[in-house]
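Chemist: Below is a structure I'd like to ask you about.
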Amino acid sequence: IEKELYDILEDAVEEENITVKLHPRSEANAYGKNGIVSLTPWELISALSDDIEDKVLISMCSGSVFFTKLLCDKEPYVICLMKIYAPYIYHKDGSDDEEQKRTFDFINGVKNSYKNKNKFFIPETIDEYRQILNDIKQGKI
């Protein structure tokens with residue numbers, strides 16, 4: 001699913017406008033020249049960035065997309081892909097329903113802390129993700 005979501009991003013955005021910050025312990029870079037490994041914590045990058053609120057941060061559920069708001073009170077566009085990934089992560093037998101609820105409560109709490117809630121997206125489908133990217137690109141959002 002990760003490759004499919006990245007391919008949709010590449011279709012929607014010019015390649016020179018894509019940067020993938022890999023986890024510092026990442027060994028593989030499937031993103032070519034767009035993937036960077038840096039020991040600099042995302043929190044520091046976002047705190048020092050003057051234009052972070054114009055950026056679009058996309059993640060399954062990385063703290064890096066949430067900490068920009070929580071630690072710096074800056075509001076970049078966020079596309080949290082957790083609902084798309086959820087069927088691949090959580091058990092169908094309900095054994096981790098509480099964990100899933102806590103995760104989504106946290107995500108929604110961060111969204112609700114945004115002054116401009118129209119900058120925080122939690123798409124439920126790949127088609128919705130694609131539409132959000134297109135809307136942002138076209139300036140509709």
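The values are calculated or read from the model by the stated rules, or taken from the named source; none is laboratory data. None of the values given here were measured: they were computed from a predicted structure. Note that we place each Cβ from the backbone using ideal geometry, even for glycine, and neighbour counts take in every protein chain shown. The area values use the complete protein model at the heavy-atom level, side chains included, leaving out ligands, DNA and RNA. Shrake-Rupley method; radii C 1.70, N 1.55, O 1.52, S 1.80 Å.
Chemist: Out of the stretch 17-32, which residues are open to solvent by 60 Å² or more (accessible area, probe 1.4 Å) and modelled with pLDDT under 80?
Modeler: Result: His23, Arg25, Glu27, Ala28, Asn29, Ala30.
Chemist: Separate question: Tell me yes or no: at least one residue of the stretch 40-54 is out of contact with any His (no Cβ under 8 Å at 6 or more places or on another chain), of a type in the set (A, V, I, L, M) and open to solvent by 60 Å² or more (accessible area, probe 1.4 Å).
Modeler: yes
Chemist: Here's something else I'd like to know. I need the full set of residues from the stretch 38-55 which are hydrophobic (A, V, I, L, M, F, W, C) and touching a helix residue (DSSP H, G or I) at 6+ places or on another chain (Cβ under 6 Å), in order please.
Modeler: Selection gives Trp42, Ala47, Ile52.
Chemist: Which residues, counting only those in the stretch 60-73, are under 13 Å from Ile122 (Cα atoms) and either open to solvent by less than 20 Å² (accessible area, probe 1.4 Å) or acidic (Asp, Glu) (or both)?
Modeler: Val65, Phe66
Chemist: Consider only pairs whose beta carbons are under 9 Å apart and that are at least six residues apart or on different chains; among these, list those whose first residue lies in the stretch 1-26 and is more than 24 Å from Glu43 (Cβ to Cβ) and whose second residue is aliphatic (A, V, I, L, M) and open to solvent by 80 Å² or more (accessible area, probe 1.4 Å).
Modeler: These pairs meet every condition: Lys3/Ala30.
Chemist: Given the stretch 27-141, what strands (runs of 3 or more DSSP E) lie entirely inside it while holding 3 or more residues that are under 19 Å from Glu2 (Cβ atoms) and touching a residue at least 24 places away in the same chain (Cβ under 8 Å)?
Modeler: In the stretch 27-141, the matching strands (runs of 3 or more DSSP E) lie at 77-80.
Chemist: Scan the stretch 101-112 residue by residue and report those that are more than 15 Å from the chain's Cα centre (by Cα) and open to solvent by less than 50 Å² (accessible area, probe 1.4 Å).
Modeler: Gly109
Chemist: Sticking with this one: Within the stretch 74-90, is there a residue that is within 27 Å of Lys117 (Cα to Cα), of a type in the set (Ser, Thr, Tyr) and crowded, with 17+ Cβ neighbours inside 10 Å?
Modeler: yes
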